[in-house]
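Following: one structure in structure tokens, then a few remarks.
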């Protein structure tokens, strides 16, 4: 009777695992949001949701402290800036303008002017991406609260991203800065269309597919295009132009965007109960 | 078997719920990978590959990339470490952070390439390379703690790490 050599048995086990993994990858890529793999992911997400709530409340002060240590340089700079702003605010207060300005600022935060008549669901950010190469956040609202895959997510300043998975109690939002994210946008001044693509550098985007002859100005506002079939309603602020240049020999301009929403400081967001046509 | 399962599930829960809150330059260590490498350091290649596969599938449930990508790279890395340590390497304490670092680096690179082949854009950039490097350094650092803990949890001394 033939006996399998240990090496060939090892290779058979490894080959079996690789075939299984490739089958799973293919299955996951081919199926839609309601397929078997998506359902397993959603069940997992709901199962860990209560643990996540508990862990989050315990860890919050520790992670805040850790962030303070890691980002001490940045915090010092921010502190200096805040001191300067405080000094300016004191001057304003003396002339009675501070209260008025604060009132305007709070109104801006509460007022999602760009949303219009669309219904929204407020959600709390309860987690960030598990992997090193995703730029996502997890919300404490899911399909039980009306959240569905594809819905846009905003804060007072503008667009944050869109829902990419939604279980009963949780949903995951792909941020604008994720490398997979692409938003159809319009430059406010010239009305030119383009696509704002996320970058691996996390806190900026690039504007691509823009007519090379268009004059783009630094500081110009970029809003969602809202063209037919777009993933987002039109007119939502997305970013401002941070830098415009052209690499030698390149046809397209290199346009770097700074998102209007601070992706690193998201706490409460609003999910727009809006889905793209056909979505 | 039960202990390995418990180790993997605990690792996945810590990876998914705790570690994302503690990022250094945008990176977190890959605890599940380091656990499967530590298991591979003490087990036969077949068992190591299966442990890596299961650990990869569990962590894939929390990632955006297709289910199975981490499973492939973890299984291959675990198999390679188990084959190396049974045939070539003598396990020493100095080797542990190197296994963590190079394991993290090669698995991360393979993960990025496979995900890109699966159609995920923008992953092969200088930005991701920087995050990968920091994450690998963190993997090497936590390996110093994780390897002995895994050894104790498995309760065996088949290939004890020597000084």
Study note, to complete from the structure: Ordering B:27-36, A:235-244, A:205-214, B:74-83 by per-residue average of other C-beta atoms within 10 angstrom, highest first, gives B:27-36, B:74-83, A:235-244, A:205-214
Point to revise | Neighbouring partner chain Cβ atoms per residue of A:51-58, average, 10 Å criterion | key: 2
Point to revise | Relative contact order (percent, whole number), segment B:2-153, Cα cutoff 8 Å, 6+ residue spacing | key: 29 percent
**Study point:** Ordering of A:138-150, B:113-125 by burial proxy (mean other Cβ atoms within 10 Å per residue, highest first)
**Key:** A:138-150, B:113-125
Exercise for review: Show me A:164-172, A:9-17 ranked by packing, highest mean number of other Cβ atoms within 10 Å first.
Suggested key: A:164-172, A:9-17
Review point. Against the longest alpha carbon principal axis of chain A, how many degrees, from 0 to 90 and to the nearest 10, is the axis of helix A:36-70 turned?
Key: 50 degrees
Check your understanding: Hey, what's the Cα Rg ratio for chain A versus the globular rule of thumb, 2.2 N^0.38 Å?
Key -> 1.24
Practice item. Please give the average number of partner chain Cβ atoms lying within 10 Å of the Cβ of each residue in B:113-124, rounded to a whole number. Key: 4
**Study point:** Cα radius of gyration and Dmax for chain B (Å)
**Key:** 14.8, 45
Practice item. Return the average number of partner chain Cβ atoms within 10 angstrom of each residue Cβ along peptide B:6-19. Key: 3
Review point. So what is the relative contact order for chain A, in percent, with contacts set as C-alpha pairs under 8 Å and at least six apart?
Key: 16 percent
Review point. So for the pair residue A:250, residue B:109, with labels modelled 7 Å out along Cα→Cβ, what separation do we get in nm?
Key: 2.7 nm
Point to revise | Cα-Cα P(r), segment A:205-279, percent of pairs per 10 Å interval | key: 16, 40, 31, 12, 1
Practice item. Name all residues of segment A:42-75 having a backbone nitrogen under 18 Å from the label point set 7 Å from the Cα of residue B:130 along its Cα→Cβ direction, giving them as ranges. Key: A:70-75
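Read-outs throughout are calculated quantities, based only on the coordinates presented, and are distinct from any laboratory measurement. What you see is a predicted model; the values in this text were computed from it and never measured. Positions of Cβ are generated from backbone atoms using ideal geometry, with glycine treated the same way; all protein chains shown enter the neighbour counts.
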